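Data block below; observations after.
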Amino acid sequence: MFTRRQFIATSAGTLVATALPHIARADVKNFPFAEFEQRIARKDFKGMTKDMLPTPCMVVDIDLFEKNLRTMADYAKKTGISLRPHVKVHKSVDVAQRQIALGAIGLTTATIAESELMSNAGIKGVLWTKQPASVNNLMRAIALTRKDPTFMFVVDDPRVADQVQEAAAAARVKARVAVAVYAGLKRQGIENGRPAVDLASRIMKSKNIQLEGFMAYSGYASHTKTFAARCKKSQEDLSGVNETIELARKSGLPIGIVSGGSTGTYNMDKAFGLTELECGSYVFMDSIYREVGGQSDDAVYTDFENSLTVLVTVDSKHHHGQVSTDYGNKALARPTDTVKGKPWLKVSTEGAEYGILSWSDAGGEEPKVGDRVEIYCSNLDMSTNCYDRYYIAKGNDIIDVWPIMGRSGAAQR
Ligand SMILES: Cc1ncc(COP(=O)(O)O)c(C=O)c1O
């Protein structure tokens, strides 16, 4: 016979255990949630598992991540091409340090703030892949040059080259500059041939600038579907760059580096003239990259593993064929996202903090309220930009937390 108190305790327990079975698991219930942030600050992950994490959050499978890093590093070593990976996709010093430890000669960055972050963390050979067009960017690029003489950046405009010369002379430093040339992407890069070589010569003649070579990023090639079509596109996009290199060498200009390439074209661009690769997405991969196809399979790109997921919670279920989640617009949910291990679920959004997972009647198992689901995001650059940390997982266990470049402390992103 139950006492009233026992009855209430048992009913409550049964309710939780039935409706939200994962929450009723003893290890989860007993975790000191009030200390969650303190635990992370002191890197005490004892007993912390994926099912305890606040959602939506980014989770990195450490084994797959390390495999990706090794695959790219081994390829670079084997083929004799340098690796200067792009950090825009991860914005993480922890990731960058691991890339360097495996042989990367430096990093490429999209913003001066990323460059400062990586250089200030002691990483040498940072190449900023945009030109310093504003006074703010220019003065910071020069200040970083003074602090870290291995820092480099690009220029694609003679006026900016002159401004760099003036600012570098005033600061009594020698700026290291590569000329950004057009490689099929109409957002950056001076015209190949004579205009590019004239700019390189102008830089050569500038007392306070050292010419490093060229940067040629063939961004459209990176996501061209099928290996054969991608190879063709990359070769076409880099053909003008090769003419520029030839003309520059004939003009007696020292061309040290030709930087470019991407996760999609890493295994073709050496033949098309690049001396170093700026690949970024390979560390985590996203759902859109997965579809570009590879050498062995035209439909799926399997060279690198999807090591990053967004962990989300199913938080309401009232309508046929769908559940709601906490993965909405603010978390950058996209209809092109895919669900790990549950390909029958489709992702959409229903507001800032509301996402939808839907399925047809022919689909597999239906998600339940309280379930955790892992999503492969569509575009790493965009998604990682709106999260603050990566939870690093070994199986179900959280073994580390790596900060993503912060929004508030970062002198702009
Ligand atoms: C200039 C530049 N280089 C390299 C990359 C890296 O490309 P991916 O992430 O496709 O490897 C990017 C990404 O957009 C880029 O903008």
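The values are calculated or read from the model by the stated rules, or taken from the named source; none is laboratory data. None of the values given here were measured: they were computed from a predicted structure. Here Cβ is always computed from backbone atoms with ideal geometry, including for glycine, and neighbour counts include all displayed protein chains.
Of note:
- Within the stretch 133-184, the set of residues being of a type in the set (D, E, K, R) and not in a loop (DSSP other than H, G, I, E, B) comprises ARG140, ARG146, LYS147, ARG159, ASP162, GLU166, ARG176.
- Among the residues here, VAL283 qualifies as touching a Ser or Thr at 6+ places or on another chain (Cβ under 8 Å) and modelled with pLDDT of 95 or more.
Every residue, every condition in (1) under 19 Å from THR129 (Cβ atoms); (2) touching a strand residue (DSSP E or B) at 6+ places or on another chain (Cβ under 8 Å), yes or no:
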site: ALA171; (1), (2): no, no
site: GLY184; (1), (2): yes, no
site: GLN188; (1), (2): yes, yes
site: GLY193; (1), (2): no, no
site: VAL197; (1), (2): no, no
site: ALA200; (1), (2): yes, yes
site: ILE203; (1), (2): yes, yes
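- Residue match in the stretch 109-124 (condition: in contact with an Asp or Glu (Cβ under 8 Å, 6 or more places away or on another chain) and within 13 Å of the ligand (Cβ to nearest atom)): no
- The listed residues are ASP157, ASP148, and the only one of them that is under 27 Å from GLN235 (Cα atoms) and among the acidic types (Asp, Glu) turns out to be ASP157.
- Flag if SER134 is out of contact with any Pro (no Cβ under 9 Å at 6 or more places or on another chain) and either buried (at least 17 other Cβ atoms within 10 Å of the Cβ) or in contact (Cβ under 8 Å) with a residue 12 or more places away in the chain (or both): no
- Some residue of the stretch 221-243 being more than 16 Å from the ligand (Cβ to nearest atom), hydroxyl-bearing (Ser, Thr, Tyr), assigned to a helix (DSSP H, G or I) and touching a strand residue (DSSP E or B) at 6+ places or on another chain (Cβ under 8 Å): no
- Top-ranked residue of the stretch 261-319 - restricted to ones that are in contact with a Cys (Cβ under 7 Å, 6 or more places away or on another chain) and either at positive phi or of a type outside the set (Gly, Ala, Ser) (or both), ranked as farthest from the ligand (Cβ to nearest atom): LEU311
- Test: residue in the stretch 155-163 that is more than 17 Å from ALA180 (Cβ to Cβ) and away from the ligand (no atom under 16 Å from the Cβ): no
- When the stretch 28-83 is limited to residues that are assigned to a loop (DSSP other than H, G, I, E, B) and of a type in the set (Gly, Ala, Ser), the one that is surrounded by the most Cβ atoms within 10 Å (Cβ to Cβ) turns out to be GLY47.
- Within the stretch 257-280, the set of residues being modelled with pLDDT of 95 or more, closer than 22 Å to ALA110 by Cα and assigned to a loop (DSSP other than H, G, I, E, B) comprises GLY261, SER262, THR263, GLY264, THR265, TYR266, LEU274, THR275, GLU278, CYS279, GLY280.
- Against the conditions (1) crowded, with 18+ Cβ neighbours inside 10 Å; (2) within 20 Å of LYS67 (Cα to Cα); (3) touching a residue at least 40 places away in the same chain (Cβ under 8 Å), GLN295 satisfies every one except (1).
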